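Novice: Let me give you the structure first, and then I'll get to my questions.
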Amino acid sequence: MAHPEYILTLSCLDQRGIVHRVSGFLADHGCNIIDSAQFGDAQSRLFFMRVHFSSEDAAVSDAALRADFGVLGDALQMNWQLHDAGKKPRVMLMVSKIGHCLNDLLFRYKSGLLPVEIPAIVSNHTDFYQLAASYNIPFHHLPLATGAPAEVKRAQEQRIMEIVDANQIDLVVLARYMQILSPEMCEALRGRAINIHHSFLPSFKGAKPYYQAHDRGVKLIGATAHFVTGDLDEGPIIEQGVERVDHSMGPDTLTAIGRDIECVVLARAVKWFTEHRILLNGHKTVIFN
């Protein structure tokens with residue numbers, strides 16, 4: 001009979017004996033460590049740990065495991081989470097009129113490369129409702145006109161959050177959703193919303209950034225996946241990728257290369273989140289690969 005598996009993530013002030021106390025707790029509760037990783041940040045003086053383990057003592061219930069670890073967590077003033085490794089995270093995708101990241105994530109999901117459930121796709125346009133239907137995923141069209149009044153934007157975002165709550169969403173992915181989220185919505189989704197954009201920022205803002213980059217003769221293009229915060233495109237970075245380009249490549253080629261990088265970088269970030277490999281470290285992240 002397969003034993004239930006868990007992933008424990010934690011952070012706290014670095015101090016002697018954390019690994020010993022955590023591993024001792026798991027051993028005392030009939031758990032077997034499958035893999036473990038830890039990191040101590042000398043700058044922030046914080047300690048981070050991720051432990052994948054199986055619970056092999058049937059007498060120790062899920063509730064007891066969580067309650068008992070809470071005592072240790074309180075003693076060490078930990079920020080900790082215990083995840084059921086067998087539960088697929090529920091992900092909501094948001095998109096506007098550019099669909100390469102959406103298409104890539106849906107393919108990875110359908111082919112089993114991305115172990116998630118996708119109960120909803122939200123868009124402010126109708127361009128990809130047929131794509132959503134081909135995967136049998138509900139598509140929610142929530143239009144928002146350019147320059148819409150604040151009350152209209154609030155109403156649209158309220159509807160988005162209703163979909164998030166109704167579907168028990170663990171992660172929102174802005175797969176080229178070209179609307180700026182309000183500070184209130186950013187706060188409501190803190191730590192569970194990921195965005196993707198080209199890595200030219202703060203240069204080449206606005207429309208057709210790859211055309212602007214081509215005009216300036218750039219030699220490197222890339223993409224950045226990060227957590228969404230109220231500071232536009234400045235949330236904690238999760239993953240980045242780059243490719244060299246040269247003078248022989250036109251702006252359309254740069255755009256195509258850039259979109260490929262965006263797909264790969266975003267997919268990595270989403271996968272790492274769903275595998276509970278990302279821990280926040282102030283305005284940075286710790287990634288346990």
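Novice: What is the helix-to-structure angle for 62-75, meaning the angle in degrees between its Cα long axis and the longest Cα principal axis of the chain, kept from 0 to 90 and rounded to the nearest 10?
Specialist: Between helix and principal axis, roughly 90 degrees.
Novice: For the stretch 38-113, what class follows from the C-alpha gyration tensor (a ≥ b ≥ c being the square roots of its eigenvalues): rounded when a/c is under 1.5, otherwise prolate if a/b is larger than b/c, else oblate?
Specialist: Working: a/c = 2.96, a/b = 1.62, b/c = 1.82.
Because a/c hits 1.5 or more and a/b fails to exceed b/c, the stretch 38-113 counts as oblate.
Novice: Sort 107-118, 186-197 by the packing proxy (mean of other Cβ within 10 Å over each peptide's residues), most packed first.
Specialist: Per-residue mean Cβ counts within 10 Å order the peptides as 186-197, 107-118.
Novice: Starting from the Cα gyration tensor of the stretch 169-289, take the square roots of the eigenvalues, sort them a ≥ b ≥ c, and report rounded, prolate or oblate (rounded when a/c is under 1.5, otherwise prolate if a/b is larger than b/c, else oblate). Let's see the in-between values first.
Specialist: Working: a/c = 2.31, a/b = 1.68, b/c = 1.37.
Note, shape of the stretch 169-289 comes out prolate.
Novice: Here are labelled values, [x] 1.11; [y] 1.19; [z] 1.47, and one is the computed Cα Rg over 2.2 N^0.38 Å for what I pasted. Which one?
Specialist: Matching the structure shown: [x].
Novice: My understanding is that a pair violates if its Cα-Cα distance is over 32 Å; which of Lys153/Lys208; Lys87/Lys205; Lys153/Lys219; Lys153/Lys205; Lys87/Lys208 do that in this structure?
Specialist: Lys87/Lys205; Lys153/Lys219; Lys87/Lys208
Novice: Please report the relative contact order for the stretch 65-143, taking Cα pairs under 8 Å with a sequence separation of at least 6, and give it as a percent rounded to a whole number.
Specialist: For the stretch 65-143, the relative contact order is 27 percent.
Novice: Another question about this same structure. Leaving out ligands, DNA and RNA, what percent of the accessible area of the chain is carbon and sulfur, probe 1.4 Å?
Specialist: On the chain, the fraction of accessible area on carbon and sulfur atoms equals 51 percent.
Novice: Just check the stretch 122-191 against the gyration tensor rule for me: Cα atoms, a ≥ b ≥ c as the square roots of the eigenvalues, rounded for a/c under 1.5, and otherwise prolate or oblate depending on whether a/b exceeds b/c.
Specialist: The shape class here is oblate.
The values are calculated or read from the model by the stated rules, or taken from the named source; none is laboratory data. A quick note: this is a predicted structure, and the numbers were derived from the prediction, not measured. Here the Cβ is made from the backbone with ideal geometry for all residues, glycine too, and neighbour counts use every protein chain on show. Just the protein is used for accessible areas: all its heavy atoms, side chains included, with ligands, DNA and RNA removed. Shrake-Rupley method; radii C 1.70, N 1.55, O 1.52, S 1.80 Å.
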